[in-house]
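The values are calculated or read from the model by the stated rules, or taken from the named source; none is laboratory data. Quick caveat: nothing in here was measured; it's all calculated off a predicted structure. A quick note on method: Cβ atoms are made from the backbone with ideal geometry, for glycine too, and the neighbour counts reach across all protein chains shown. Heads up: the accessible areas ignore ligands, DNA and RNA and are worked out on the full protein's heavy atoms, side chains in. Shrake-Rupley method; radii C 1.70, N 1.55, O 1.52, S 1.80 Å.
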Amino acid sequence: MSEPSFPDHFSRQSCSYAAHRPGYPAQLFAWLASLSAVHDRVWDCATGNGQAAVDLANHFETVVASDASSAQIRNRQAHERIDYVVAAAESAPFADRCCALVTVAQAVHWFEFERFYAEVRRVLRPGGILALWTYASFHVTPEVNAVVNRFYRDVVGPYWPPERAYVEASYRTIPFPFTEIAAPPFECECQWNFEGVLGYLSSWSAVQRFKDAQSRDPLAALRPELERAWGPGDAVCRVSWPIHLRVGRV
């Protein structure tokens, strides 16, 4: 079977994505589970390598985790309660009204909204929950933040796909035709050394697009400046990203 057609910005760096993207806080999944009266089945759409799916499995009996990229699914985190499948968000191979919750972490801005929302309405039971979330800028120290923000804006800025605007707007501009539920604040957090942060930057879609256009790696020029801002090479710093949520009852 051929792979679904979709805007693919991550398959080539799927190994880097799996190794260097931050995880999500346990409190986020506990809160999402608290919104549902039943905890039998959840669909984690655009699961990537399964970062959110693994945490959802702590609260739901079965997680069906889909991604349009077979490369991402090959790098999945195996779990006895997670069923992985290669499938487009707009064409899910699931029965009607089979899930209590649908989640999309850091990906809905790539979707065809109307078609995906039609699938959400079909797959969710009446009163089911849809949760979308994203994160954008990360915070380390003022010195590191300044260097990374310049790199984001001035170096790879022209190479971000246009859908990135939804992320920069904290998902507030995404169409969301559901009864919205206010969410408490959450954030991703990692303890990383310098190489960990550089690995995270290498997973950015704009970095890959810069390489394609310029035939060089923009991280090579960034590295000396970022090292100076970081401090001692073996220093471990707290890295955090505010999470921006849209949650609704269908």
**Q.** Whole-percent pair-distance distribution, where bins are 5 Å wide, for the alpha carbons of the stretch 119-192
**A.** 3, 10, 17, 19, 18, 13, 9, 7, 4, 1
Q: Give me the Debye-computed log₁₀ of I(q)/I(0) at q = 0.18, 0.22 Å⁻¹ for the stretch 73-124, equal point scatterers on Cα only, no solvent, two decimals.
A: -0.67, -0.97
Q: Provide the per-residue ³J(HN,Hα) series for the stretch 95-106, in order, calculated from phi with Karplus coefficients 6.51, -1.76, 1.60 and θ = phi - 60°, each as a whole number of Hz, with x at glycine and proline positions.
A: 6, 5, 6, 9, 10, 8, 8, 10, 10, 9, 9, 6
Q: Obtain the nm distance between the two label points defined at Ile181 and Glu143 by a simple spin-label model: each point lies 7 Å from its Cα along the Cα-to-C-beta direction.
A: 4.4 nm
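Provide the per residue accessible area, probe 1.4 Å, for the stretch 41-126, rounded to a whole number of square angstrom.
I get 38 Å² per residue for the stretch 41-126.
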Q.
If you filter the stretch 198-250 for trypsin sites (Lys or Arg not before Pro), then keep DSSP loop positions with at most 12 other Cβ within 10 Å, what is left?
A. Arg216
Q. Based on the mean of other beta carbon atoms within 10 Å per residue, what is the order of 103-111, 141-149, most packed first?
A. 103-111, 141-149
Q: Over every pair of different alpha-carbon atoms in the stretch 73-200, take the mean of 1/r and invert it; report that Kirkwood radius in Å.
A: 17.5 Å
**Q.** Dmax and Rg, reported as Rg then Dmax, of the chain (C-alpha, Å)
**A.** 18.2, 55
**Q.** Length released on extending from Arg74 to Ala37, taking residue separation times 0.36 nm less the Cα-Cα span
**A.** 10.0 nm
Q: For the stretch 148-240, state which GluC sites (Glu not before Pro) are in a DSSP loop and have at most 16 other beta carbons lying within 10 Å of their beta carbon.
A: Glu163
Q | the stretch 61-126: trypsin sites (Lys or Arg not before Pro) in DSSP loop, at most 15 other beta carbons within 10 Å | A | Arg81, Arg97
**Q.** Relative packing of 39-50, 59-70, which averages over residues the other C-beta atoms within 10 Å, highest first
**A.** 39-50, 59-70
Q: Mind listing the long-range amide H neighbours of Ile243? Cut-off is under 5 Å, sequence gap 5 or more, other chains count too, H placed in the peptide plane at 1.01 Å from N.
A: Phe186, Glu187, Cys188
Q: Give, as a single signed number, the net charge of other residues whose beta carbon lies under 12 Å from the beta carbon of His139, with Lys and Arg counted +1 and Asp and Glu -1.
A: -2
Q. What ³J(HN,Hα) values, in whole Hz, does the Karplus curve 6.51 cos²θ - 1.76 cosθ + 1.60 give for the stretch 134-144 when θ = phi - 60°, with x put for Gly and Pro?
A. 8, 9, 10, 5, 10, 10, 10, 10, x, 5, 5
Q.
In whole Hz and in residue order, list the ³J(HN,Hα) couplings for the stretch 29-41 that follow from phi through the Karplus curve 6.51 cos²θ - 1.76 cosθ + 1.60, θ = phi - 60°; x for Gly and Pro.
A. 6, 5, 5, 4, 4, 5, 7, 10, 7, 10, 9, 8, 8
(Q) Taking 41 Å as R0, compute the FRET efficiency from the Cβ-Cβ separation of Asn193 and Glu112 and round it to 0.05. (A) 0.55
